[in-house]
Amino acid sequence: MWGETLAGRDQTQLGTLLIGRGRITENDLEEALERQSATGKLLGQTLADMGLVTEEDILSALHAQSGMTVEDITTCVPEPELLERVSGSIARIYKILPLRWEDKTLIVAMADPMDIQTLDDLRFMLNCEIKGVIAGEEDISHAIDQHYGTDTESVGDLLKQIEDEMGGAVSVEDEKEASESIDIASLRDLAEQAPVVKLLNLVLIQAIRDRGSDIHFEPFEDQFRIRYRVDGMLYEMIPPPKHLSLAVTSRIKVMANLDIAERRLPQDGRIQLSMKGKGIDLRVSTLPTIFGESVVMRILDKSIVMLDLAHVGLTGENIRIVEEVIKKPNGIILATGPTGCGKTTTLYSCLKELNDIDVKIITTEDPVEYDIPGIVQVQIREHIGLTFAICLRHILRQDPDKILVGEIRDKETADMAIQASLTGHLVLSTLHTNDAPGTITRLIDMEVEPFLITSTLEAIVAQRLVRTVCHNCREEYKPEKDELRTIGLKPEEAKGKSFYRGKGCDRCKNIGYLGRIGIFEVLILNEEVRSLVLKRAPTKDIRAAAQKGGMRSLREDGIEKIFAGVTSIEEVAREAMRE
């Protein structure tokens, strides 16, 4: 659907070209690249905003770099047919403007001529030859607003169009019957109808643009609901007509190479695409319900995942402990917490720290979420008998140094992880528990012998994700006593500390939060903790001993991030006060 780009590297080459022309210095380039990473603007526009170059300097350098023609589009008025063919959503996503036809080739203005994949994407989506010319980024943005309006094409606008074009494709009354009687050819025809394809593409664009983590397509008795999750919170789109549920579901299944005729059993699939150069995987899960198939598409956007221990939220003593323990030659390190709390990202960040040419790393995952160069990754397939335990048994024959096991689900997998540790391997894995001390109780409940836990387990990293206050609109304020009480803070403890909240702005969609970060508690098995484990002591005793040895709780780590202006009292109360 969309392709890859080398634009990032070419932007740096543009900077080098400007240095050679004497327009900027190397220090200017370094500062501009830092600003660019924060704003998301093109390098040329960033340099212009800093007052270091003029637009003419940028356009001249881009012409020399790419060989493309530079055009002034300020007076250009595209034909209505072109504006209809290239929708406002596509124009905004790709930052292009259709200008004219020349010998059956569509000429488009673009601000980044080195982003050649945009041209390939447009050829695919518009089914015609495309040629690019260079124009200023601000000129293109202004022209898009001028010719398309300031509002992007919405799902609501498209739904009205679909109603006009399709009418009641499959009525609510007929849907149960249809789910049993429609043949494969009819389902494929339904899935390939242009309005359905356009609707699904628009939903994907909107969710990905808003940094969504998953999209939910949910059929109910009298409605078909579409929701998407951003920073852990669900937001609803305008619901399509109920009769479109079968068509949309069939379209998703076609894209994911699933069996469209099978609507009685759950299915899992995968869609790979890229959008504006960002590699994106969609993990598709279907689940039969009494009113049709519920579909969830999990969005794995590789461009927004920063595999770095500091970036995931580990700070101070916690990051020092983790960096130290992952360098041990053997042992087990567990990341724990509920589903969707970032455990896998934390472990991937650990693997990135360990990923050297002289270290053999093998992972076994369900599913493999992100491809990491230099690491051998294995996909679990339980339906053919390839389980974590069986895969781990064979991994040991591949002579690895470090092993990641996606999840310890049963005693057999736990036993294999322990065996791997005892034979000289470092094993990283995840477990679903509420906190770090509770992990030990969970292992004992899985019938793992306490002496094996104490001889192999090195560290437990429990975590939650909290939303981060938008730095573009954050404001300092003084919380009330009742608000402080929600996180167990006394007024005297808050004296002299800063507290922040987001007012809401365009950048954060008026939510006040932008992105998420982890809060952690890191438990190291010291001698006192090991002694309690051997005695099968209760979780509260293990927690007390760990805190005595220096472990900070999730609440304490969250409060530190509140004082640092990273998150809010509301978020820490929601996530950390579960303990």
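Expressed to the nearest 5 percent, the antiparallel share of DSSP beta bridges inside the chain is 65 percent. Considering only L307, T289, N526, whose Cα is most displaced toward the positive end of the charge dipole of the chain, charges sitting on Cβ of Lys, Arg (+1) and Asp, Glu (-1)? Of the candidates, N526 comes out farthest on the positive side.
Placing +1 on the Cβ of every Lys and Arg and -1 on the Cβ of every Asp and Glu, with nothing else charged, gives region 194-269 a dipole about its Cα centre of roughly 220 debye. Our coupling estimate for region 347-364, obtained by passing each phi through the Karplus curve with A = 6.51, B = -1.76, C = 1.60 and θ = phi - 60°, is 5, 4, 5, 5, 5, 4, 5, 8, 6, 10, 5, 9, 10, 8, 10, 10, 10, 10 Hz, Gly and Pro reported as x. Each residue of region 518-529 was assigned a 3J(HN,Hα) from its phi angle through the Karplus curve 6.51 cos²θ - 1.76 cosθ + 1.60 (θ = phi - 60°); the sequence is x, 10, 9, 10, 10, 9, 9, 7, 7, 4, 5, 5 Hz, with glycine and proline shown as x. By the helix-only formula, in which each DSSP H run with n ≥ 4 contributes -39500 (n - 2.57) and the sum is divided by residues, the chain has a 222 nm mean residue ellipticity of -12500 deg cm²/dmol. Accessible surface for M416 stands near 10 Å², nearest 10, in the context of the full protein assembly shown (1.4 Å probe). In this Cβ point-charge picture (+1 for Lys and Arg, -1 for Asp and Glu), region 81-145 has a dipole of about 180 debye about its Cα centre.
Apolar share of the accessible surface for the chain: 49 percent from carbon plus sulfur atoms, 1.4 Å probe. With a simple spin-label model that places each label point 7 Å from the Cα along the Cα-to-Cβ direction, the separation between V77 and H394 comes to 6.7 nm.
With the cut-off at 32 Å, tell me which of the pairs K253/K352; K352/K503; K497/K540; K411/K490; K95/K503; K327/K540 have Cα atoms farther apart than that. Where the Cα-Cα span goes over 32 Å, the pairs concerned are K253/K352; K352/K503; K411/K490. Sorted largest first by accessible area at a 1.4 angstrom probe radius, with every protein chain in place, the residues T539, T46 fall in the order T539, T46.
Per residue, the convex hull spanned by the alpha carbons of the chain comes to 190 Å³. Using the alpha-carbon positions of region 310-379, Rg (one decimal) and Dmax (whole number) come out as 12.5, 35 Å. Surface exposure of the chain, expressed per residue as accessible area with a 1.4 Å probe, stands at 47 Å².
In a simple Cβ point-charge model (Lys, Arg +1; Asp, Glu -1; nothing else charged), the chain has a dipole of about 1880 debye relative to its Cα centre.
The accessible-area ordering, largest first, of the residues H471, H425 stands as H471, H425, per a 1.4 angstrom probe. Would you please name the trypsin sites (Lys or Arg not before Pro) within region 550-579 that are DSSP coil residues with at most 14 other C-beta atoms within 10 Å of their C-beta? Listed in order of number, the matching sites are R578.
For the chain, the relative contact order works out to 9 percent when only alpha carbon pairs closer than 8 Å and six or more residues apart are counted. Close amide H partners of E293, meaning residues 5 or more places away or on another chain with modelled amide H under 5 Å apart, do not exist here. Phi angles of region 20-29 translate, via the Karplus equation with coefficients 6.51, -1.76, 1.60 and θ = phi - 60°, into HN-Hα couplings of x, 8, x, 7, 9, 9, 4, 5, 4, 5 Hz per residue; Gly and Pro are given as x.
The values are calculated or read from the model by the stated rules, or taken from the named source; none is laboratory data. Quick caveat, the model's predicted, so the values are computed rather than measured. Positions of Cβ are backbone-derived with ideal geometry, glycine not excepted, and every protein chain shown enters the neighbour counts. The accessibility values were calculated without ligands, DNA or RNA, using every heavy atom of the protein model including side chains. Shrake-Rupley method; radii C 1.70, N 1.55, O 1.52, S 1.80 Å.
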